[in-house]
Amino acid sequence: MTSRTVVLGGGGTVGVAWQAGLIAGLREAGADLTRASAIVGTSAGSLVGALLAGDRDVTAALPVLAAVRDRIDAGTLAAGSASFVAASRRAGLAADPRQALRTIGAAAREATAALTEDDYLGLFEPFDGAAWPAGFRCTATDTGTGELVVWDEASGVPLLRAVAASCVVPMLFPAVTIDGGHYMDGGLLNHLNAAAAPAADVLLVLSCLPLEAPAGGNRPASSIRADAELAALRRTTRLLAVEPDLGGGGAPVSMMDPELTGRALHLGRRQAAREAAAIRAAWRS
């Protein structure tokens, strides 16, 4: 029997909306990703992936985005994202990743976030009391060690806390407490974490970020790592990768801009029509 795994990458509030639109559109076009043997989610992808793995309407992620918009104004979102980028550069994320993540983790624990931890966890109300979906894996970063952690149904971690931890943008949102540890965004070193997926015959990757270098631009270290990971996986696995067509003509997109989520949802649905045939063929092979 053919095994199929879906990897959902990180990409802020815009990435959540794009993935939700894409997956909903694919299902309408006969490419039902709930048939996957396993689903791995990082950051934005953990939110959408938990819904997908639970066979729930992925557009249930949209109220979470609305709650973020209601609780945190656009200026604070932009400033928090900028603070994280600046902290990453100061910490030397590209040069010494693990030490840099420990430095960022310490700053995240000490920072005054836009919300308290309880208020932040309240944003993820759709997962309150929800059982952990079979086959779902969720990534996060340990703020103390800088190591990537991967939770699954055997980990004993509440789904709400796991998803919330995976989505923590350091310095903007508070680190999430789980079993005495503190956790933040799982996509800081690699926005996909495709290697965290179990071995499969077919691997479908939905990347919220471009998988090719922008013209004349420098690639983030997380994108370089993600591409190298996919190149290695292609040697042993049938791999399909989908990246967003957000219609910006190559212009940079602020992935935390709440004003872009409606457009991203629409464009994800529209893109699904172009991607559905290839994904249907792989899913049925």
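Looking only at residues in segment 268-279 that are touching a Gly at 6+ places or on another chain (Cβ under 8 Å) and surrounded by fewer than 21 Cβ atoms within 10 Å (Cβ to Cβ), the one that is nearest to residue 32 (Cα to Cα) is 276.
What about residue 170, is it in contact with an Asp or Glu (Cβ under 8 Å, 6 or more places away or on another chain), more than 22 Å from residue 5 (Cα to Cα) and not hydrophobic (A, V, I, L, M, F, W, C)? Yes.
Can you tell me which residue in segment 79-111 is surrounded by the most Cβ atoms within 10 Å (Cβ to Cβ), limited to those that are assigned to a helix (DSSP H, G or I), at pLDDT below 85 and among the aliphatic types (A, V, I, L, M)? This residue is 91. Against the numbered list (1) surrounded by fewer than 19 Cβ atoms within 10 Å (Cβ to Cβ); (2) without any contact (Cβ under 8 Å) to a residue 40 or more places away in the chain, residue 177 comes up short only at (2). Considering 202, 169, the condition of being over 22 Å from residue 108 (Cβ atoms), crowded, with 19+ Cβ neighbours inside 10 Å, aliphatic (A, V, I, L, M) and in contact (Cβ under 8 Å) with a residue 60 or more places away in the chain is satisfied by 202 alone.
Could you list, in sequence order, all residues of segment 11-21 that are under 14 Å from the mean Cα position of the chain (by Cα) and either assigned to a helix (DSSP H, G or I) or among the aromatic types (Phe, Trp, Tyr) (or both)? If you could, list the steps in order and put the result at the bottom.
Pass one, segment 11-21, residues under 14 Å from the mean Cα position of the chain (by Cα): 11-20.
12, 13, 14, 15, 16, 17, 18, 19, 20, listed by residue number.
Checked against (1) in contact with a strand residue (DSSP E or B) (Cβ under 7 Å, 6 or more places away or on another chain); (2) at pLDDT 95 or above; (3) within 30 Å of residue 210 (Cβ to Cβ); (4) not small (Gly, Ala, Ser), residue 161 meets all criteria but (3). With respect to the conditions (1) touching a helix residue (DSSP H, G or I) at 6+ places or on another chain (Cβ under 8 Å); (2) within 16 Å of residue 39 (Cα to Cα); (3) not basic (Lys, Arg), residue 153 lacks only one, and its number is (1).
Contact map, segment 17-42: residues that are over 20 Å from residue 271 (Cα atoms) paired with residues that are among the polar types (S, T, N, Q) and modelled with pLDDT under 95, Cβ distance under 6 Å, separation 6+ or inter-chain. Pairs shown: 37/3.
Within segment 140-165, restricting attention to residues that are touching a Phe, Trp or Tyr at 6+ places or on another chain (Cβ under 8 Å) and touching a residue at least 40 places away in the same chain (Cβ under 8 Å), the residue that is surrounded by the fewest Cβ atoms within 10 Å (Cβ to Cβ) is 142. Scanning segment 122-175 for residues that are farther than 25 Å from residue 102 by Cα and assigned to a loop (DSSP other than H, G, I, E, B) gives 123, 124, 128, 129, 130, 131, 132, 133, 134, 135, 153, 154. Restricting segment 212-227 to residues that are surrounded by 12 or more Cβ atoms within 10 Å (Cβ to Cβ) and over 26 Å from residue 26 (Cα atoms), the residue that is modelled with the lowest pLDDT is 214.
Within segment 35-78, the set of residues being modelled with pLDDT of 95 or more, part of a helix (DSSP H, G or I) and over 28 Å from residue 114 (Cβ atoms) comprises 53 only. With respect to (1) more than 14 Å from the chain's Cα centre (by Cα); (2) at pLDDT below 90, the lone exception for residue 203 is condition (2). For segment 237-252, residues that are modelled with pLDDT under 90 and within 16 Å of the chain's Cα centre (by Cα) total 0.
The values are calculated or read from the model by the stated rules, or taken from the named source; none is laboratory data. Please read all numbers here as calculations on a predicted model, not as lab measurements. For neighbour counting, all protein chains shown are included, and Cβ atoms are generated from backbone atoms with ideal geometry for every residue, glycine included.
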